[in-house]
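Here's the structure we're looking at; comments come further down.
The values are calculated or read from the model by the stated rules, or taken from the named source; none is laboratory data. Bear in mind that the values here come from a model prediction, so they are computed numbers and not experimental data. Here the Cβ positions follow ideal geometry from the backbone for every residue, glycine too, while neighbour counts run over all protein chains shown. The accessibility values were calculated without ligands, DNA or RNA, using every heavy atom of the protein model including side chains. Shrake-Rupley method; radii C 1.70, N 1.55, O 1.52, S 1.80 Å.
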Amino acid sequence: MSSVLSRVGRPAAPDLPFAERVIAWQRTHGRHALPWQNTRDPYRIWLSEIMLQQTQVATVIPYYERFLARYPDVASLAAAPDADVMALWAGLGYYTRARNLHRCAREIVTQWGGQFPPDAASIATLPGIGRSTAAAIAAFAYGERAAILDGNVRRVFARHFGIEGDPASTRVQQVMWRHADAELPALRAETEAQANAMRAYTQGLMDLGATLCTRGVPDCGRCPVRSTCVALREARQHELPTPRVRKVSPERTTHLLWIEHDGRILLERRPPTGIWGGLVSLPEFDGEDAVAACRRLGIPADAAHPQTPFLHVFTHFRLTATPWRIAAAEPGTLSDPAHTWVPLAELADAGLPAPIRKLLVTSAQGTLL
Ligand code: SF4
């Protein structure tokens, strides 16, 4: 192994298997100090893997630490009220992840006696956990020999093996999974050596995609698999993976009631599904008549003032929202339990979607939060 380590930084030996080069590189050049590393606790590993989906490491770290401080194990998460979990996730986006996380915790408690399932195949049956995430949890927690294929790994494989075609297509996915299975580290006789090799290899693939084989300009000069990389050999790093044909996102509009009374603001808990599902937000209305919409909520109002619309880009559409600001003379009688008056000083902990929180923070009363 030392001869391998000594070659890191120079062209790696092409006769060494792909996995061995990734493992050697990870052990000397990979990441080892992320908050969710150096644990074998599947709960912590699972939490980090879900949070890291489509989200940067730097964004995830404070959420991960707050989440663990509040819910240190799967039982405490399973027992938590929905609203508290959503409030803690607010701002991290892709809220289906939080709903599935909570469902999954409850299922582990009710179906698995509070213990994480023992292998990748069983983990993949849980809500919100796909094949690659299940494999990553099993590899890090148990050292299982299971292949991952997340977004970063797809990019590395597309370039290294010269795989063309839409990465989201079934055909390309199948090709990628064949490579993912075929390139797993060779079986080792000793169990602990096998488990540690799997941990280093899984982390190494992730690190390679996150730190060297990046979306923009890959750092091929320091790459441990450059001697066999098709994209580097053919100078096609910028053509692979094949760019996806992006559809034009549909445009949607909405209107929001921004009602204040006596240092409080009216918030609405949104239905569990749909955009910002389960979070609290400003009540939506059709834009016809803000004063009438306010009265329908049980709050007397005389005038409403439209604010500058803001744009928020979701995965599948672009939403333009116009807030209507209303100063209510009295709190009225709220008939719907989804509505509640929240003191402005408590908005920071209310679990608002990021754009609504930003709107309120940067409002004329910029001292709200
Ligand atoms: S040589 Fe360059 S393009 Fe190929 S896998 Fe390494 S970083 Fe990516």
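Condition check ((1) more than 34 Å from the chain's Cα centre (by Cα); (2) surrounded by 14 or more Cβ atoms within 10 Å (Cβ to Cβ); (3) over 30 Å from residue 18 (Cα atoms)) across all residues:
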site	(1), (2), (3)
233	no, no, no
259	no, yes, yes
284	no, yes, yes
290	yes, yes, yes
305	yes, no, yes
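Got at least one residue in the range 121-133 being in a helix (DSSP H, G or I), of a type outside the set (Ser, Thr, Tyr) and within 20 Å of the chain's Cα centre (by Cα)?
yes
Could you grab me the full set of residues in the range 36-48 that are open to solvent by 50 Å² or more (accessible area, probe 1.4 Å) and within 20 Å of the chain's Cα centre (by Cα)?
41, 44
In the set 243, 218, which member is assigned by TED's automatic domain parsing to the domain that holds residue 170 and either within 9 Å of the ligand (Cβ to nearest atom) or under 18 Å from residue 176 (Cβ atoms) (or both)?
218
Out of all the residues in the range 90-109, which are under 24 Å from residue 348 (Cα atoms) and buried (at least 21 other Cβ atoms within 10 Å of the Cβ)?
90, 95, 98, 101, 102
Does the range 72-86 contain at least one residue that is within 23 Å of residue 38 (Cβ to Cβ) and open to solvent by less than 20 Å² (accessible area, probe 1.4 Å)?
yes
Which numbered condition trips up residue 175, out of (1) within 13 Å of the ligand (Cβ to nearest atom); (2) open to solvent by less than 40 Å² (accessible area, probe 1.4 Å); (3) under 26 Å from residue 54 (Cβ atoms); (4) of a type in the set (Val, Ile, Thr)?
(1)
Taking the range 177-200, which residues are of a type in the set (A, V, I, L, M, F, W, C) and in a helix (DSSP H, G or I)?
If the condition is that a residue be of a type in the set (A, V, I, L, M, F, W, C) and in a helix (DSSP H, G or I), then 177, 180, 182, 193, 195, 197, 198, 200 are the ones that fit.
Check off (1) more than 16 Å from the ligand (Cβ to nearest atom); (2) among the charged types (D, E, K, R); (3) exposed (fewer than 15 other Cβ atoms within 10 Å of the Cβ) for residue 264 and give me the number that stays unchecked.
(3)
If we only count strands (runs of 3 or more DSSP E) wholly inside the range 201-314, which ones have 3 or more residues that are out of contact with any Gly (no Cβ under 6 Å at 6 or more places or on another chain) and without any contact (Cβ under 8 Å) to a residue 60 or more places away in the chain?
Those strands (runs of 3 or more DSSP E) span 310-313.
When the residues of the range 186-215 are filtered to those that are within 17 Å of residue 136 (Cα to Cα) and among the small types (Gly, Ala, Ser), which remaining residue is nearest to the ligand (Cβ to nearest atom)?
209
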